[in-house]
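So the structure is just underneath, and the comments pick up after that.
The values are calculated or read from the model by the stated rules, or taken from the named source; none is laboratory data. The model shown is predicted, which means the values in this text are computed figures rather than measured ones. Here the Cβ positions follow ideal geometry from the backbone for every residue, glycine too, while neighbour counts run over all protein chains shown.
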Amino acid sequence: MLSRNGTNNIKAIAIILVMFGHLVTTKRISVDFDLRMFATFSVGAFLVLSGYGLTLSYIKNGLSGFIKKRLLTVVYPFIVINIIFYFYFFGKINTFDLLKTILFINPKLNIDPTMWYVYFILIWYVIFFIIFSLKINIKIKIACLFFTSALIYNIPVN
């Protein structure tokens with residue numbers, strides 16, 4: 001079993017590799033373009049480790065404070081940064097786009113397309129909460145998460 005410190009260290013490396021991949025993709029650094037694949041792998045690694053951490057947290061604490069923590073660490077900062085972007089780029093960002101984005105009903109993410117990750121992780125938080133609220137064995141809950149991920153993987157995305 002990985003420790004919390006160990007998973008956080010691996011996630012930190014994954015985040016650095018994602019940033020590296022973004023630099024390669026946007027051609028901000030001059031290296032082999034195929035190295036951007038480190039970012040793709042690292043996003044997956046980060047998500048798996050985050051899910052592992054969520055599961056360990058659930059085993060230790062249950063779902064107590066789950067929604068409040070996600071609001072404080074993901075939703076509120078997302079809303080605040082989008083409002084800051086709106087005022088920083090005043091006149092270049094449509095107010096309606098801002099409202100749709102912070103209400104999580106704008107899959108096009110016209111303000112910052114890299115925020116897809118926030119939408120994605122929130123979808124998984126909802127799925128996790130629903131599945132782990134069920135009165136079934138933990139192994140079945142984890143199997144349900146894997147089954148759901150297989151379904152999501154096979155849904156075509158525009």
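Criterion first (over 25 Å from Thr26 (Cβ atoms), free of Cβ contacts under 8 Å to residues at least 40 places away in the same chain, touching a helix residue (DSSP H, G or I) at 6+ places or on another chain (Cβ under 8 Å) and surrounded by 10 or more Cβ atoms within 10 Å (Cβ to Cβ)) does Thr148 satisfy it?
Numbers: over 25 Å from Thr26 (Cβ atoms): yes; free of Cβ contacts under 8 Å to residues at least 40 places away in the same chain: yes; touching a helix residue (DSSP H, G or I) at 6+ places or on another chain (Cβ under 8 Å): yes; surrounded by 10 or more Cβ atoms within 10 Å (Cβ to Cβ): yes.
Yes: the conditions hold for Thr148.
The residues of the range 32-65 that are outside any loop (DSSP other than H, G, I, E, B), within 24 Å of Lys135 (Cα to Cα) and touching a residue at least 24 places away in the same chain (Cβ under 8 Å), listed by number, are Ser50, Gly51, Tyr52, Gly53, Leu54, Thr55, Leu56, Tyr58, Ile59.
Matching residues to (1) in contact with a Gly (Cβ under 8 Å, 6 or more places away or on another chain); (2) surrounded by 12 or more Cβ atoms within 10 Å (Cβ to Cβ):
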site	(1), (2)
Ile10	no, yes
Phe33	no, no
Ala39	yes, yes
Ser42	yes, yes
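Residues are listed down the side, and each one gets a yes or a no for (1) in contact with a Lys or Arg (Cβ under 7 Å, 6 or more places away or on another chain); (2) at pLDDT 90 or above; (3) in a loop (DSSP other than H, G, I, E, B):
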site	(1), (2), (3)
Asn106	yes, no, yes
Leu109	no, no, yes
Phe129	no, yes, no
Ile136	no, yes, yes
Lys139	no, yes, no
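Do we find a residue being within 30 Å of Lys141 (Cα to Cα), crowded, with 16+ Cβ neighbours inside 10 Å and either of a type in the set (A, V, I, L, M, F, W, C) or touching a residue at least 12 places away in the same chain (Cβ under 8 Å) (or both) anywhere in the range 13-31? Within the range 13-31 (the criterion being within 30 Å of Lys141 (Cα to Cα), crowded, with 16+ Cβ neighbours inside 10 Å and either of a type in the set (A, V, I, L, M, F, W, C) or touching a residue at least 12 places away in the same chain (Cβ under 8 Å) (or both)), the answer is yes, since at least one residue qualifies.
Considering only residues that are over 18 Å from the mean Cα position of the chain (by Cα) and among the hydroxyl-bearing types (Ser, Thr, Tyr), look in the range 1-48 and name the one that is modelled with the highest pLDDT. My answer is Ser3. Among residues of the range 64-107 being of a type in the set (Lys, Arg) and surrounded by fewer than 17 Cβ atoms within 10 Å (Cβ to Cβ), the one that is farthest from the chain's Cα centre (by Cα) is Lys92.
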